[in-house]
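Quick notes on the structure that follows.
The values are calculated or read from the model by the stated rules, or taken from the named source; none is laboratory data. All values reported here derive from a predicted model rather than from experimental measurement. Methodologically, a virtual Cβ is constructed for each residue, glycine included, from the backbone with ideal geometry; neighbour enumeration extends over all protein chains shown.
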Amino acid sequence: MIQLRNITRYYASGSLNTYVLRRINLDIREGEFVCVMGPSGAGKSTLLNIIGMLDDASEGEYHFLDYNVHNLKEKQRSQLYKEYIGFVFQSYHLIDELTVYENLETPLLYKKVKSSQRKSMVCDTLDRFQIVGKKDLFPSQLSGGQQQLVGIARAIIAEPKLILADEPTGNLHSEEGKKIMELFTRLNEEGVTIIQATHSEQNASYSKRIIYLKDGWLVDNL
Amino acid sequence: MLRNYLKFALRNIKRNKGYSSINIAGLAIGMACCILITMWVLEELSFDRYHENAERIYRVGHELTIGGISRTAPLVSLPMAPAMVSEYPEVVNAVRFSKSGRTSVRYGDKVFYEEGILFADNSVFDIFSFPLVEGDPGKALTAPLTAVLCETIARKYFGDENPIGKTLLCNDNRNFTITGVVKDVPRNSHFTFDILCSYETLVKEEAWRSEWGNIVDYAYILLEKNNDYRALEAKLPALIDKNFGEQLQQIGVSIKLFLQPLTSIHLNSHMMGELAGNGNIDYVYLFSGIAVFILLIACVNFINLATARALGRAKEVGMRKTFGAVRSKLIRQFIGESILFSLLAVILALLLLELFLPLFGSITGRELSVSFWQLPWFIPGLLVLVLLVGLAAGSYPAFYLSSFRPIKVLKGDLKSGRTNARFRSVLVIFQFTFSITLIAGTIIVYNQLNYVRSVDLGFQQEQVVVIPNMNRFRLSQQESLKNELSGLAGVVDVALSSGVPGRGGSMQSFLPEGFSEDQSQLIAVMKIDERYLPAMGIELVSGRNFSKAIATDSVESVIINETAAAKFGWDEAIGKIIKQTNPESEEGGYLSNTVIGVVKDFHLSSLHEPVEPLIIVNKYEPFLETIRFLSIRLEPGNIRNTMDLIANRWSNFNSNLPFDYFFLDESFAKQYRHDEQLGNLVLSFSLLAVLIGCLGLLGLSSFTAEQRTREIAVRKVLGASIVGIVRLMLREFIFLVLLANVFAWPLAYLIMKRWLESFAYHVDIGMGVFVLTALISMVIAVITVGYQAVKTAILNPVEALRHE
Ligand SMILES: Nc1ncnc2c1ncn2[C@@H]1O[C@H](COP(=O)(O)OP(=O)(O)O)[C@@H](O)[C@H]1O
Ligand SMILES: [Mg+2]
């Protein structure tokens, strides 16, 4: 599903380049549950962003499914987001002006799902995450854990093949984190590919494959 | 999808109440101004177009050249128009008008003074679209002493009675039989009337009019379809030549006829003797410009606030993009939002209009009474306005906001870019340049109006009551009224004259000493009695006033003004001879007049006009000029009492006519009515422009204050004083306003110089105006921004920092 070849990412700072990722080679197959680990500043987020096509590699090649990501136009990327990818962020990034219900509905709007079907999909998801009672609340009225729950619900509602989660439990206490991880495990069992960045060993233990990053190098690929 | 966006947008508006209300209020005020001005402009442009034949009707005017000086007037003589119809096949029809002055009109015991009486040929109904409600348009005005009334006037005199066949007595000497009732003349007409009397009356009763040289009437001709009036115009010199070329040559005068398309008269014709005060195409341009700029200022507010607040939307944009939203979709969403703002604003604008339309009417002196909802273009026009404003205000923010990349949002490295701050500064300067130009313009207009009111006119205009229409009384009656009034307590002096400053006056041709026979001069004449100069406080610079004791004074003595003396090149004017063609003499003989005095120049017309050479005569019978006014100088104080006494004497003198009078100073000031209206309008619009600009500044400053809260707190912790911080926050805005001043000054100077040039006498635009403008704009900016600055500066730093 994902093939990274010699992916390098650097930032031009003055005459020197600051390297964040160095010649990363990585293959991820459909259905995997991958965890990217490493100390803060190692380049985890950068790697996830490149995989999620939010950021571009400075060098190297990236194939997502049958697409050469480097050559994709904005429209095509948007198409891939719609069809295949769900994002989960450390700071949730729910849209503050929308209720829980509407936050979940929004990705479906862009996917042009019909109104009646949209309604049933949102209701199913609310049900599944046991947040039906919260559907008319705004993000500011929820606790961190609840917000992240909504964040994940939003990421999976459009039935993506791939979920990219950057430190999804970073702002949560361990009890809440555990719940989220169990959720991921279940999703993975249903066939969704999951890539999460974390520096918590405990979280990593849920995944089937762990990748270590250090100073931009991929040091261990189990 | 649309419903979701709508819900989202409305919720956004509700959440950011301050931001939204500033935006909507600004747009609404701008739109209200724009709608108002558009309605006014459209009305100005619509003048006379309601006539079915509007495009084929032309007014005939003439240009008279004498002694190298030309004058144009929209006047012709009685035979000219009929001659054009018979001579040129392309002239299908013609109508002549003659304006009647203030006339007393009597029906039974009802008597009123009417200003709106026109004599007209019956063809008026064929050429113009004045539909008759009663009567036969084919012959209503064909007979002498017939009249057609407007509906309102018919009701005024006859109530519910049928006026047809009844008679109205005009000036107590002519009985007109009513032969028709016509619909009231629409307001958008360059001339209006209340009563049309048959022109045949004049043809029959005033033989002198049939002379080709007595150019005192108006004429409009109807051309065949698709006829070039310029071609006809080129043929007209031949007509003049054929009919009285010889006569003209003898007296050294040349006359050229010209044609004016009916539809261009209202905005483009400004001659002496227009049928009514016309509009001004310059004002149409000026106010259209103001409308566009005020709307732009409001749009700029929107742009500024939207981009300043962009960070608030960045996360949303980033997230929507990760859901697969393409940029064009986001652009559409944002433009949709701004159109929603625009829509809400237009609703508020209509409310504002409803509230302020009467006020606008009283400022402009013209009611925009047309209920605008009834206009067919109104709703579509509003929709176009909504879309235009939505696009103008929303496009840039939409492109800007939709450009956020999710990665930036995620990394939190969205600083509101320097380029954007600079862009906003440019926009603020643009807004203030315009507002400041208007402020400077307002100051200059009021300076000039003040000057016009306080300048020495060369006569004392206060406490003078004038009784018009003296020409309907015989000489002996005039004298006896004058004597009777002089004796009253509170009356200082009483004098008779043919004209008074601001009214009346005519020109005649004279041959001053030292000029050859083909150099006769067209000069203004005024006829007065021996009391007029002292009563009005007009000073003699040399020679003497007329005297009753000297018999020749009423026959051949004249007084001239300084300008006349200068024009004739006379150092010593006393004793000089001014000759004049004798209208009684068949073979062009002359009458001689001797100059007995020179008066200091005084203003007979408004300060728009330069003082013209003037020849003042005593009661000189062969002149056409007749005594028409009785001026009474009153003692200051207790004027009401004196007026009662005068009114009382009037009713003894003539119990038939109501006492009709005006105050000289008020009547003279009326000449500046249009200038005052302009001043009020510019003032109103500059206030509104400033208000909109300030709303924007307020929004922007509270936004920057919010952004800088932490910085300010740190500065305070480091020991900065409150004053220092306020100054820091004010500095950038003050700088922008100063810069805007620099741009606005030359702009205001150029525009206002052009306006001032419409006055022969005007103030100079000094530095003072601009210093004052700068001060005003500074104070406004400091007050607007200062509130936020102080609020931020006095905030406890601990509180600001704790939020981190
Ligand atoms: N715009 C940038 N310019 C320069 N360096 C950057 C930029 N963005 C990120 N970095 C650097 O890239 C490195 C990797 O960041 P990141 O991928 O967020 O690490 P992680 O998620 O593993 O903590 C960091 O050292 C950071 O300083
Ligand atoms: Mg990270």
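If you take the residues of the range A:127-147 that are buried (at least 17 other Cβ atoms within 10 Å of the Cβ) and within 14 Å of another protein chain (Cβ to nearest Cβ), which of them is nearest to A:Lys179 (Cα to Cα)?
A:Gln147
Could you list, in sequence order, the residues of the range A:110-126 that are crowded, with 19+ Cβ neighbours inside 10 Å and at the interface with chain B (Cβ under 9 Å from one of its Cβ atoms)?
A:Tyr110
Restricting the search to the range B:476-517, which residues are modelled with pLDDT under 85 and either of a type outside the set (Lys, Arg) or part of a loop (DSSP other than H, G, I, E, B) (or both)?
Passing the criteria: B:Gly504, B:Gly505, B:Ser506, B:Met507, B:Gln508, B:Ser509, B:Ser516, B:Glu517.
Which residues, counting only those in the range B:451-475, are in a loop (DSSP other than H, G, I, E, B) and not polar (S, T, N, Q)?
Selection gives B:Val455, B:Asp456, B:Leu457, B:Gly458, B:Phe459, B:Glu462, B:Pro468, B:Phe473, B:Arg474.
Go through (1) within 16 Å of ligand 1 (Cβ to nearest atom); (2) modelled with pLDDT of 90 or more; (3) within 8 Å of another protein chain (Cβ to nearest Cβ) and name the single condition A:Ile51 misses.
Status for A:Ile51: all satisfied but (3).
When you go through A:Gly60, A:Gly41, A:Gly14, A:Gly31 one by one, which is the residue that is small (Gly, Ala, Ser) and within 16 Å of ligand 2 (Cβ to nearest atom)?
The conditions single out A:Gly41.
Taking only the range B:190-211 into account, find how many residues are in contact with a helix residue (DSSP H, G or I) (Cβ under 8 Å, 6 or more places away or on another chain) and at pLDDT 90 or above.
The qualifying residues number 6.
Take B:Val389 and tell me if it is in contact (Cβ under 8 Å) with a residue 12 or more places away in the chain, more than 14 Å from chain A (Cβ to nearest Cβ) and under 40 Å from the mean Cα position of the chain (by Cα).
Taking the combined requirement at face value, the residue satisfies it.
Condition check ((1) buried (at least 19 other Cβ atoms within 10 Å of the Cβ); (2) away from chain A (no Cβ under 14 Å)) across all residues:
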position	(1), (2)
B:Ser288	no, yes
B:Leu295	yes, yes
B:Ala306	yes, yes
B:Arg320	yes, no
B:Val326	yes, no
B:Ser342	yes, yes
B:Ala349	yes, yes
B:Pro358	no, yes
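So is B:Val203 under 26 Å from B:Met272 (Cα atoms) and without any contact (Cβ under 8 Å) to a residue 60 or more places away in the chain or not?
Against the criterion (under 26 Å from B:Met272 (Cα atoms) and without any contact (Cβ under 8 Å) to a residue 60 or more places away in the chain), B:Val203 does not qualify.
Being at pLDDT below 90, more than 12 Å from ligand 1 (Cβ to nearest atom) and among the small types (Gly, Ala, Ser): is that true of A:Ser91 here?
So A:Ser91 passes the test.
Taking the stated definitions as given, is A:Glu167 touching a Phe, Trp or Tyr at 6+ places or on another chain (Cβ under 9 Å) and at positive phi?
It is true that A:Glu167 is touching a Phe, Trp or Tyr at 6+ places or on another chain (Cβ under 9 Å) and at positive phi.
Farther than 20 Å from A:Val34 by Cβ, within 16 Å of ligand 2 (Cβ to nearest atom) and not aliphatic (A, V, I, L, M): does that describe A:Tyr101?
Against the criterion (farther than 20 Å from A:Val34 by Cβ, within 16 Å of ligand 2 (Cβ to nearest atom) and not aliphatic (A, V, I, L, M)), A:Tyr101 does not qualify.
Restricting to the range B:252-274, give me the number of residues that are in a loop (DSSP other than H, G, I, E, B) and either basic (Lys, Arg) or more than 12 Å from the chain's Cα centre (by Cα) (or both).
So the answer is 6.
Answer with yes or no whether A:Ser15 is within 16 Å of ligand 1 (Cβ to nearest atom), in contact (Cβ under 8 Å) with a residue 40 or more places away in the chain, surrounded by fewer than 23 Cβ atoms within 10 Å (Cβ to Cβ) and over 24 Å from A:Thr185 (Cβ atoms).
Answer is no for this residue.
Considering every residue within the range A:67-74, establish whether at least one is loosely packed, with under 15 Cβ neighbours inside 10 Å, at pLDDT 90 or above, at positive phi and away from chain B (no Cβ under 14 Å).
No, there is no match, as no residue in the range A:67-74 is loosely packed, with under 15 Cβ neighbours inside 10 Å, at pLDDT 90 or above, at positive phi and away from chain B (no Cβ under 14 Å).
I need a count of the residues in the range A:188-222 that are among the β-branched types (Val, Ile, Thr), assigned to a strand (DSSP E or B) and either modelled with pLDDT under 90 or under 11 Å from A:Met37 (Cβ atoms) (or both).
Matching residues across the range A:188-222 total 3.
Quick test for you: out of A:Leu218, A:Leu164, pick the one residue that is within 16 Å of ligand 1 (Cβ to nearest atom) and in contact with a helix residue (DSSP H, G or I) (Cβ under 6 Å, 6 or more places away or on another chain).
Result of the check over A:Leu218, A:Leu164: A:Leu164.
List the helices (runs of 4 or more DSSP H) inside the range B:703-804, counting only whole elements, that have at least 2 residues being closer than 21 Å to B:Val682 by Cβ and of a type in the set (D, E, K, R).
Per the criteria, B:722-756.
For the range A:148-183, name all the residues that are part of a loop (DSSP other than H, G, I, E, B) and either away from ligand 2 (no atom under 16 Å from the Cβ) or surrounded by 23 or more Cβ atoms within 10 Å (Cβ to Cβ) (or both).
A:Ala158, A:Glu159, A:Pro160, A:Lys161, A:Pro168, A:Thr169, A:His173
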